[in-house]
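Step one of this worksheet: look at the structure below.
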Amino acid sequence: MSSETETVTITDNTTGKQVTLPMYTPTAGPKVIDIGKLYKELGYFTYDPGFMSTASCSSAITFLDGGRGVLQYRGYPIEQLAEQSSYLEVCFLLLNNRLPKKEELDYFINTVTQHTMLHEAMIRFFSGFRRDAHPMAIMVGCVGALAAFYHDHMDIHNEEHRMITAYRLIAKMPTIAAMSYRYANGKPFVYPRNSLSYTENFLYMMFSMPSEEYTPDPLLAKALDLIMILHADHEQNASTSTVRLAGSSDANPFAAVASGIAALWGPAHGGANEAVVRMLIDINESGKPLQTFVDRAKDKNDSFRLMGFGHRVYKNYDPRARLIREICHKLLNDMEASSEQQKLLDTAMALEQVALHDDYFVERNLYPNVDFYSGIIFLAMGIPMNMFTVIFAMARTIGWISQWSEMMSDHEAKIGRPRQLYTGAIDLDYLPIEKR
Ligand code: ACO
């Protein structure tokens, strides 16, 4: 952020009072007016539901430009990272603000790998859930519960402790995710195998059986690694803002990340990839033509929306969707899908075509988003539907923890405490119950 050189003056047309506010120039993106003293000087709040024009913090981690379809982590374009980097290298980059040297990356990978196990008592935690629990519900609970196991390094103002927490979270999320799935499916837990890569290990913990040999498919492991890179961080989205808000009260990082997982769960955010496949199933089971659903999505009197289309920030195209679309089409060519999967994949591809050519979607820039394709890829990989958002959470953990850590080292950070435009009743007199 540049030192303040420009200002904006706001005049209150009723009283004639004026306030001059500083305006900052970021390294990229729109200028930002600092309204901090507006209330003190004029007695007004600002009103911005959904944070359409509000920068909630300053950050040097991720830059995105929705108009131009740009996404960069620590200044590196997502396209270059997707092609040349790996998920764990991206984790190092997000946490440390630079790319690692070879020996630093080896050390980082080795340290993450040393933390993949869960405390044995933590494993018993899973059996407290009902068998039909959604794995996201299990994950929210288990990640919050990590705080009960790792008091040893929980001084949130200590940089080294924050880094150890980051290692723990990156390493344990796949183990928690896979165990949530195994528990809900009545399958034995599989402990991590540290000779495997990060994503191979996840596939191994998800799909292997103690009774059989299992070798993770390198094609799937590579595709998953790429998906993880694309989902690693995304600036101040709903779940990241939730992590920051929860963490701003000096809550412990496991609690803050658990709150981020809860926010991610919703179908308007990370839950969209699961919602995409549920929608495809509904379309197929209805026996109605695809156009019926497209028409419903366009009907203002119908709340139905095409899941996996549109984005709050990317109003031109989503650069992640462009990359993931390529992987999706390649994977579908290379893999053998079951006939049931194939029917859903065919519907998805038909929907992609309709939405790319229908005026309603074209005029509103409602392109298929990253969740549309990740849902389809996970479907083709044989990952159960209720695990889709769990994998998103696994990938986004590095973003959450990097943003939380940045906030903790920011001396200007304060507890988040928004104000409101009050529209309720005022000054009522309490009536005893018999007089109401
Ligand atoms: N299907 C049909 N119409 C849509 C859709 C959709 N998926 N998305 C937006 N529209 C329409 C709206 O009705 C509105 O039309 P109007 O201008 O005629 O009133 C216009 O497009 C703009 O939509 P908004 O709701 O104002 O856009 P907003 O930025 O608030 O919402 C959102 C973005 C939440 C992603 C929305 O597009 C949506 O609900 N999409 C489906 C859910 C989804 O895929 N979410 C994943 C987001 S990506 C992520 O979290 C990683």
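For this structure, a couple of remarks:
Quick grid of which residues meet (1) crowded, with 20+ Cβ neighbours inside 10 Å; (2) of a type outside the set (A, V, I, L, M); (3) over 20 Å from Ala221 (Cα atoms); (4) free of Cβ contacts under 8 Å to residues at least 24 places away in the same chain:
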{"position": "Phe129", "(1), (2), (3), (4)": "no, yes, yes, no"}
{"position": "Met136", "(1), (2), (3), (4)": "yes, no, yes, no"}
{"position": "Leu146", "(1), (2), (3), (4)": "yes, no, yes, no"}
{"position": "Asn201", "(1), (2), (3), (4)": "yes, yes, no, no"}
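- Residues in region 11-49 that are assigned to a strand (DSSP E or B), in contact with a helix residue (DSSP H, G or I) (Cβ under 9 Å, 6 or more places away or on another chain) and either without any contact (Cβ under 8 Å) to a residue 12 or more places away in the chain or under 30 Å from Thr62 (Cβ atoms) (or both): Gln18, Leu21.
- Here the condition is being under 20 Å from the mean Cα position of the chain (by Cα) and farther than 25 Å from Lys187 by Cα; of Leu93, Leu105, Leu99, it holds for Leu93 alone.
- Qualifying residue in region 248-263 (condition: in contact (Cβ under 8 Å) with a residue 60 or more places away in the chain and under 20 Å from Leu323 (Cα atoms)): no
- Selection from region 301-317 of residues that are within 6 Å of the ligand (Cβ to nearest atom), without any contact (Cβ under 8 Å) to a residue 12 or more places away in the chain and either of a type in the set (S, T, N, Q) or not in a loop (DSSP other than H, G, I, E, B) (or both): none
- Hits in region 293-306 - residues which are surrounded by 11 or more Cβ atoms within 10 Å (Cβ to Cβ) and either in contact with a Leu (Cβ under 8 Å, 6 or more places away or on another chain) or hydroxyl-bearing (Ser, Thr, Tyr) (or both): Phe293, Val294, Ala297, Leu306
- Picking from residues in region 264-274 that are of a type in the set (Gly, Ala, Ser) and without any contact (Cβ under 8 Å) to a residue 40 or more places away in the chain, the one that is surrounded by the fewest Cβ atoms within 10 Å (Cβ to Cβ) is Ala268.
- Residue check for Ala425: outside any helix (DSSP H, G or I) and more than 30 Å from Ala171 (Cα to Cα): yes
- Selection count, region 331-390, where residues are acidic (Asp, Glu) and farther than 26 Å from Val313 by Cα: 4
- Members of region 80-111 that are of a type in the set (Asp, Glu) and over 19 Å from Thr397 (Cα atoms): Glu83, Glu103, Glu104, Asp106
- Restricting attention to region 403-422, the residues that are assigned to a helix (DSSP H, G or I) and hydroxyl-bearing (Ser, Thr, Tyr) add up to 1.
- Hey, Ala337 outside any helix (DSSP H, G or I), under 27 Å from Tyr183 (Cα atoms) and over 21 Å from the mean Cα position of the chain (by Cα) or not: yes
- When we screen Glu83, Glu79 for residues that are among the acidic types (Asp, Glu), assigned to a helix (DSSP H, G or I) and surrounded by 13 or more Cβ atoms within 10 Å (Cβ to Cβ), the only hit is Glu79.
- Within region 365-402, considering residues that are in a loop (DSSP other than H, G, I, E, B) and away from the ligand (no atom under 15 Å from the Cβ), the one surrounded by the fewest Cβ atoms within 10 Å (Cβ to Cβ): Gly382
- Restricting region 263-300 to residues that are in a helix (DSSP H, G or I) and of a type in the set (Lys, Arg), the residue that is farthest from the ligand (Cβ to nearest atom): Arg278
- Scanning region 204-240 for residues being away from the ligand (no atom under 16 Å from the Cβ) and not in a helix (DSSP H, G or I) gives a total of 10.
- For Glu326, the test of being of a type outside the set (S, T, N, Q), closer than 23 Å to Phe63 by Cβ, more than 8 Å from the ligand (Cβ to nearest atom) and surrounded by fewer than 22 Cβ atoms within 10 Å (Cβ to Cβ) is passed.
- Qualifying residue in region 241-262 (condition: of a type outside the set (Ser, Thr, Tyr) and within 11 Å of the ligand (Cβ to nearest atom)): no
- Yes/no for Pro49 being surrounded by 12 or more Cβ atoms within 10 Å (Cβ to Cβ) and farther than 30 Å from Glu200 by Cβ: no
- Only one of Gly69, Gly43 that is closer than 30 Å to Arg322 by Cα and not hydroxyl-bearing (Ser, Thr, Tyr): Gly69
- Checking each residue in region 341-364 for being within 10 Å of the ligand (Cβ to nearest atom) and touching a strand residue (DSSP E or B) at 6+ places or on another chain (Cβ under 7 Å) picks out Ala355, Phe361.
None of the figures in this text is laboratory data; all of them are computed from the coordinates on show. These figures come from a predicted structure and were not determined experimentally. Note: ideal-geometry Cβ built from the backbone for every residue, glycine included; neighbour counts use all protein chains shown.
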